[in-house]
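The values are calculated or read from the model by the stated rules, or taken from the named source; none is laboratory data. Bear in mind that the values here come from a model prediction, so they are computed numbers and not experimental data. Note that we place each Cβ from the backbone using ideal geometry, even for glycine, and neighbour counts take in every protein chain shown.
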Amino acid sequence: MKKTLLIVTLLCLSVSLFAQTENKEVLKKELSEIKAEISKLNQKASVVQVKIDRQYGWKISNFGTIGMNLSNFDNWYANSKPNLSSGNISIIHDVYAKLNREKYFWLSYLNLNLSWKKSYNKDKDPKNKGFENKTDIFKIGSLFGYKLTEKFSVSALMEYRGSFIKDFADPSFIDLGVGMAWKPVSDFYIVVNPLSYELILSGSDKEYQSSMGAKFLADYTRKFGKLNFNSNLTAFVSYKSSDLSAWTWKNSFSYLLWKGIGLGFNFGLRQNKQEAFNNKFTYYPTLKNTDNKLQSFWTFGVSYAL
């Protein structure tokens, strides 16, 4: 009797285990089919999202960097200037607006680069002048392209650069031109405008010359996880004289740490002989004899994205 009961129990247990195993395999298969359907739906959703991004609305990005270095010394005799108050504050802000449609695209950008410096030696300087504006650059541009193919377009570019706080818009550089645009990959634009005119507006005490020339633009924006990167290169080659040519290359990096706040690094290079000639800190007899030194800046600080 006991043997019979044991055999029946083992049979029931075997049947139960077999049923559970079979049921588990069925559930696994069902789960796999559901995941496959989800993957297909995600792919379809991505395709639809790309179409929406291409056909409707502007994509706007807003980010910047604030760099700050402040110090104050009172009777600190280890320094050559024991009573010194100094500081540097820099603000760099970029705005990009992009519109991509089936037949055309539109890219607009704005860059603001401001910095203030304070250096007050309490033992020698009669008056504390506070923070003085040192860098003051305001640049705005707009690129429109009519697509011939997905990568090549007939384009028109307008770009303005001038001062924002001190000596507002004096001088003002206005570039207008038409040409071709090439978009080798997403968010990378290369523009060549062989028919371009640079109009320069300035006060009567400054000597700037407007001229015809070729305008070049290369702009690339990319996001790698938490790292945001932008590089913008503009150049104007004057047909009248190489002394009237100029170029600017600006780069921005930001690493996100928490809710739009992170670390930012910006650096830029520029050469502009007319600016060097008209600068009040340099004295050259003529534009031709001006030393066109390389201009540069860099800023490291707290970055933000709005």
Completion exercise
Picked from region 284-306 (must be touching a strand residue (DSSP E or B) at 6+ places or on another chain (Cβ under 7 Å) and outside any strand (DSSP E or B)), the residue modelled with the lowest pLDDT is L306
Practice task
Consider N128 carefully, then state whether it is surrounded by 14 or more Cβ atoms within 10 Å (Cβ to Cβ) and either assigned by TED's automatic domain parsing to the domain that holds V178 or hydrophobic (A, V, I, L, M, F, W, C) (or both).
Solution key: no
Practice task
Kindly establish whether S142 is surrounded by fewer than 17 Cβ atoms within 10 Å (Cβ to Cβ) and modelled with pLDDT of 80 or more.
Solution key: yes
Practice task
Being part of a strand (DSSP E or B) and of a type in the set (G, A, S) is the filter; apply it to region 221-261 and report the residue that is farthest from the chain's Cα centre (by Cα).
Solution key: S238
Practice task
Looking only at region 189-207, decide whether some residue is part of a loop (DSSP other than H, G, I, E, B) and touching a Leu at 6+ places or on another chain (Cβ under 8 Å).
Solution key: yes
Practice task
Kindly check whether there is at least one residue in region 158-165 that is in a loop (DSSP other than H, G, I, E, B), assigned by TED's automatic domain parsing to the domain that holds R270, touching a strand residue (DSSP E or B) at 6+ places or on another chain (Cβ under 7 Å) and of a type in the set (K, R).
Solution key: no
Handout entry: Among the residues listed as I137, I92, the single one being hydrophobic (A, V, I, L, M, F, W, C), within 17 Å of the chain's Cα centre (by Cα), surrounded by 17 or more Cβ atoms within 10 Å (Cβ to Cβ) and modelled with pLDDT under 85
Key = I137
Practice task
Please indicate, with yes or no, whether at least one residue in region 47-57 is within 30 Å of F152 (Cα to Cα), modelled with pLDDT of 75 or more and surrounded by 11 or more Cβ atoms within 10 Å (Cβ to Cβ).
Solution key: no
Handout entry: Filter result (hydrophobic (A, V, I, L, M, F, W, C) and part of a loop (DSSP other than H, G, I, E, B)) within region 262-283
Key = F281
Fill in the blank from the handout: Here the qualifying pairs (Cβ atoms under 7 Å; residues six or more apart or on different chains; first in region 136-155 and in contact (Cβ under 8 Å) with a residue 24 or more places away in the chain; second part of a loop (DSSP other than H, G, I, E, B) and surrounded by 13 or more Cβ atoms within 10 Å (Cβ to Cβ)) come out as D136/S163; D136/F164; F138/S163; F138/F164; K151/K183
Practice task
Would you please name the residue that is nearest to N230 (Cα to Cα), looking only at residues in region 285-306 that are loosely packed, with under 15 Cβ neighbours inside 10 Å and more than 26 Å from the chain's Cα centre (by Cα)?
Solution key: D291
Practice task
Mind counting the residues in region 258-289 that are touching a residue at least 24 places away in the same chain (Cβ under 8 Å) and closer than 20 Å to R161 by Cβ?
Solution key: 13
Exercise for the section: Examine region 186-194 for a residue that is crowded, with 18+ Cβ neighbours inside 10 Å and either outside the structural domain of G145 (by TED's automatic domain parsing) or farther than 21 Å from V154 by Cβ (or both), and state whether such a residue exists. Expected result: no
